[in-house]
1. For a quick check of your reading of the model, give me the residue pairs whose first member lies in the range 347-364 and is among the small types (Gly, Ala, Ser), whose second is at pLDDT 85 or above, with beta-carbon atoms closer than 7 Å and at least 6 apart or on different chains.
2. Just to be sure I understand the filter: pairs with C-beta atoms under 7 Å, separated by 6 or more residues or on different chains, first member in the range 157-183 and among the acidic types (Asp, Glu), second member surrounded by 22 or more Cβ atoms within 10 Å (Cβ to Cβ) and assigned to a loop (DSSP other than H, G, I, E, B). Which pairs pass?
3. Kindly indicate the residue of the range 185-229 that is charged (D, E, K, R), buried (at least 19 other Cβ atoms within 10 Å of the Cβ) and under 18 Å from the mean Cα position of the chain (by Cα) and also farthest from Phe138 (Cα to Cα) among those meeting that condition.
4. Which one of the conditions (1) surrounded by 14 or more Cβ atoms within 10 Å (Cβ to Cβ); (2) without any contact (Cβ under 8 Å) to a residue 24 or more places away in the chain does Thr238 fail to meet, given that it meets all the rest?
5. Anything in the range 7-29 that is among the basic types (Lys, Arg) and either touching a Cys at 6+ places or on another chain (Cβ under 6 Å) or more than 15 Å from Arg178 (Cα to Cα) (or both)? List them, or say none.
6. Condition first: among the β-branched types (Val, Ile, Thr), assigned by TED's automatic domain parsing to the domain that holds Tyr38, surrounded by 13 or more Cβ atoms within 10 Å (Cβ to Cβ) and more than 17 Å from Met114 (Cα to Cα). Can you find one or more residues in the range 146-168 that meet it?
7. When you check Tyr278 against the structure, is it aromatic (Phe, Trp, Tyr) and within 14 Å of Glu340 (Cα to Cα), yes or no?
8. Restricting the search to the range 8-17, which residues are crowded, with 16+ Cβ neighbours inside 10 Å and of a type in the set (Ser, Thr, Tyr)?
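The values are calculated or read from the model by the stated rules, or taken from the named source; none is laboratory data. Keep in mind it's a predicted model, so treat the numbers as computed, not measured. Note: ideal-geometry Cβ built from the backbone for every residue, glycine included; neighbour counts use all protein chains shown.
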Amino acid sequence: MMKRSLAKTVKFMTQKFQAVDFPSYSQVASRSPGNARYLWFGKQVEAGTMQSGREVEVDWSKDEYCNHYMDDQPNMFKDFLEAGNNFSQRKKYILDRPKFVWYWSVHLAHNFLMGVDRLDQPLLEFLQANSEMFDNAFVVLMADHGFRMGTTEFYASEIGNLERHNPALMMSVPKKYRDNGILEVLTNNSQRLQTHYDLRATLLDIAKYQPSSQFTNTTLLKIPGEKGHSLLREQPLTPRNCETLPIIQDYCICKSKSIDMKHDTKLSKRLATALITYVHDRLEELNVTTQCHKYEFDKVTTFNIISLNGAKANYKIVVKTKQPAIFETLVTDNETGKLEFGVIERVDRYGMTTSCTKKTHYTPLCYCKE
C-alpha cells in the first residue's frame with residue numbers, strides 16, 4: 001500500500017537517504033491500541049495461539065492497562081527522554097542535541113484505501129525542505145497495522161488479504177553511519193520477518209546502547225525483558241517465521257498451504273453457527289447484548305483448512321450475517337469436538353454501527369440497534 005500511495009516519497013527516501021523497505025513486516029494485534037502497546041511498552045496484551053501451537057500469554061491484563069497508571073512503567077518515550085531529549089526550548093541552537101519526534105496521522109488512510117495518496121506530495125516536499133536535517137537522523141516511516149476497512153471483495157484477493165496484516169515500514173540511518181556496517185545489517189534484516197517488537201528493540205538500541213560505540217556495533221544484543229531484536233544488529237540465526245516469533249496465527253503474513261473447504265456445507269455451517277453463538281456470548285460478557293442486534297447466519301464466504309494434525313484441524317472462516325456484519329477468525333476443531341476460536345475480526349465497513357457500545361464497553365462485534 002505504501003509503495004502505491006506514497007510512490008514519490010518512497011523513491012525520494014530510497015535515493016536521498018538510502019532508506020530500507022521492510023516488505024515482511026507483521027503486525028501483532030488487530031487494532032491500533034494493541035499494536036501501540038507492543039511498540040511503546042513491549043508488552044503482550046492479546047492472548048492467542050502461534051502456528052506452532054504454542055500459546056501466547058498476556059503480560060498485562062486489560063485491568064492493568066486500562067485501570068492503572070502507567071507512569072512508572074518502562075516505555076519508549078521515557079527511554080528517549082532519559083537519553084537526553086528536551087523540548088522545553090524551541091531554538092535552532094539545540095540542533096546539535098539528540099531529539100526524538102513522533103508523528104502519528106490517524107485519519108489520513110484509516111477509512112479509505114486511497115486516502116494516504118493525499119499525503120504523498122506534501123510529505124515529499126516536507127522531506128525535501130528538511131533533507132539536511134533528516135540526512136542526519138534515523139527516520140522511520142511506518143504503519144501500526146494494515147488496511148482494515150476494505151470490502152469483502154478486497155480481502156478475498158491475495159494482495160488484499162496480505163495487506164490487512166502487513167503494515168508499512170521503511171527506515172533510514174544518518175548519512176555518517178551508512179558506511180560503518182549498520183546499513184548493511186539493516187538491509188539484510190529487511191529480508192526477514194519482523195514485528196513491532198523488533199522495531200521497539202531498534203529504538204531502544206538507538207537510545208541506550210549504540211551511542212557508546214558510535215553506532216558501529218552490529219553484534220547480537222539481547223535486551224533484558226524485550227521480545228524483539230534490533231534491526232541494526234545481527235539477529236538470532238533461528239528461522240524467523242510464525243512458529244518462532246510471538247505472532248498470533250491470526251496475524252501471520254507467511255504463506256501457508258490451505259485447502260478450500262466450502263464444498264463441505266455441513267461442516268462450514270456448523271462452524272459458522274458456532275461462531276455466531278460465540279459472538280453473542282462475548283457480547284453478553286461485555287454487558288451490551290440489549291444494545292446490539294442478534295445476528296442471523298447468511299452465508300460462509302471463505303472456509304479453508306490451514307493445518308491438520310491428527311484429529312486436530314485448524315480452519316479459517318469468514319461468515320456474513322443478515323444484519324449485515326462479516327466476521328473472520330481461525331477456529332480449531334479438536335478431537336473432543338470442542339471448538340476453540342481465535343481473535344475475531346469484523347471485516348466489513350462497520351463505521352458508526354458500533355458506537356452505541358462506547359459508554360459501556362466498546363466492541364466492533366456489536367451491530368447497534370439504534
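1. Hits for this filter: Ser355/Cys368.
2. Note: pairs meeting the criteria are Glu163/Phe147.
3. Our first condition is that a residue be charged (D, E, K, R); within the range 185-229, this holds for 192, 198, 200, 205, 208, 222, 226-227.
Of the ones still in play, those that are also buried (at least 19 other Cβ atoms within 10 Å of the Cβ) are 198, 200, 205, 227.
Imposing the further condition that a residue be under 18 Å from the mean Cα position of the chain (by Cα) reduces the set to 198, 200, 227.
Numbers: Asp198: 15, Arg200: 14, Lys227: 22 Å.
Filtering first and then ranking leaves Lys227.
4. (1)
5. Initial filter on the range 7-29 (among the basic types (Lys, Arg)): 8, 11, 16.
Across the range 7-29, the qualifying residues are Lys8, Lys11.
6. Looking only at the range 146-168, we keep the residues that are among the β-branched types (Val, Ile, Thr), and these are 151-152, 159.
In the following step, the residues that additionally are assigned by TED's automatic domain parsing to the domain that holds Tyr38 were identified as 151-152, 159.
Okay, now just the ones that are also surrounded by 13 or more Cβ atoms within 10 Å (Cβ to Cβ), so 151-152.
Next cut, more than 17 Å from Met114 (Cα to Cα) only: none.
Checked the range 146-168: no residue is among the β-branched types (Val, Ile, Thr), assigned by TED's automatic domain parsing to the domain that holds Tyr38, surrounded by 13 or more Cβ atoms within 10 Å (Cβ to Cβ) and more than 17 Å from Met114 (Cα to Cα).
7. Values: aromatic (Phe, Trp, Tyr): yes; within 14 Å of Glu340 (Cα to Cα): yes.
Answer is yes for this residue.
8. First pass over the range 8-17, keeping only residues crowded, with 16+ Cβ neighbours inside 10 Å: 9-10, 12-13, 17.
Residue satisfying the conditions is Thr9 alone.
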